[in-house]
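In what follows, a single structure is set out as structure tokens and then discussed.
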Amino acid sequence: MYKYITLLLIVAIFSGCHKINDNNPTPAPTTPTNTAGSYDVKFDVADQTVTTTVKHDTLYLTYHEKVTLMLNPDDFSKSSAVHFKEDFSKTGLTAYDYKILNEDNVYRYNSADDNLNNNTPFIVASTVTVNGIKYTKLVLQRDFIFYKAYKLQQLAIEAQTNVLNTTADKISFSTYYYYDKKNSDPKVTIAAIVYSKAD
């Protein structure tokens, strides 16, 4: 009797055995997504310069922005906009008001248009090849004029001296594409600011 029970148990065990992956569903084909580097931006940024001058009782600090962006030509052509922003929060420039010319040669105050499509007078575009890869190269150059009036010229000169002794200020830049009704991941870089006295 026990022989028959043991035999039945062995048959039941073997009939229930199978390869684990036999029941796994066949993976559905995946849809390719943007590969790493798609809608990417490469920065080429040197130290940024600010020249200072005092006129009457006002201190002027002219920030000469110069930034180079390297873009994939296909991504650039498919995008609706390329946005570019400056972050002055780690600098002493936040204590000042500023003005900047727009594309119509009119000053804007305390704000800068971050859509590079609207800043064409300040951009030089070209096509370059680096290590066999073509890029759209955008060189952005524009001046931010920071300023602050003091009660006396001597106070403005003292403030200028303090600025000229500043060596730790850093400006942060971020840029991203707007394409297909969404923003790409922003790319960020940092540059030091070098202050000098205007000739």
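Restricting to region 142-159, count the residues that are in contact with a helix residue (DSSP H, G or I) (Cβ under 6 Å, 6 or more places away or on another chain) and in a strand (DSSP E or B).
2
Which one is nearest to Tyr98 (Cα to Cα), of the residues in region 120-133 that are loosely packed, with under 12 Cβ neighbours inside 10 Å and among the small types (Gly, Ala, Ser)?
Ranking the qualifying residues of region 120-133, first place goes to Ser126.
Yes or no, residue by residue, for (1) at pLDDT 95 or above; (2) part of a strand (DSSP E or B); (3) open to solvent by 30 Å² or more (accessible area, probe 1.4 Å):
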{"residue": "Leu61", "(1), (2), (3)": "yes, yes, no"}
{"residue": "His64", "(1), (2), (3)": "yes, yes, yes"}
{"residue": "Thr68", "(1), (2), (3)": "yes, yes, no"}
{"residue": "Ser77", "(1), (2), (3)": "no, no, yes"}
{"residue": "Val82", "(1), (2), (3)": "yes, yes, no"}
{"residue": "Glu86", "(1), (2), (3)": "yes, yes, yes"}
{"residue": "Lys90", "(1), (2), (3)": "yes, no, yes"}
{"residue": "Leu93", "(1), (2), (3)": "yes, no, no"}
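What's the number of the only condition in (1) of a type in the set (S, T, N, Q); (2) open to solvent by 40 Å² or more (accessible area, probe 1.4 Å); (3) in a strand (DSSP E or B) that Thr136 fails to meet?
(2)
Go through (1) in contact with a strand residue (DSSP E or B) (Cβ under 7 Å, 6 or more places away or on another chain); (2) without any contact (Cβ under 8 Å) to a residue 40 or more places away in the chain for Ser77 and report which single condition fails.
Against the list (1) in contact with a strand residue (DSSP E or B) (Cβ under 7 Å, 6 or more places away or on another chain); (2) without any contact (Cβ under 8 Å) to a residue 40 or more places away in the chain, Ser77 comes up short only on (1).
The values are calculated or read from the model by the stated rules, or taken from the named source; none is laboratory data. In this text the structure is predicted, and so the values were computed from the model without any measurement. Every residue, glycine as well, gets a Cβ built from its backbone with ideal geometry; the counts of neighbours run over all protein chains shown. For the accessible areas, the whole protein counts, side chains as well, though only heavy atoms, and no ligand, DNA or RNA atoms are used. Shrake-Rupley method; radii C 1.70, N 1.55, O 1.52, S 1.80 Å.
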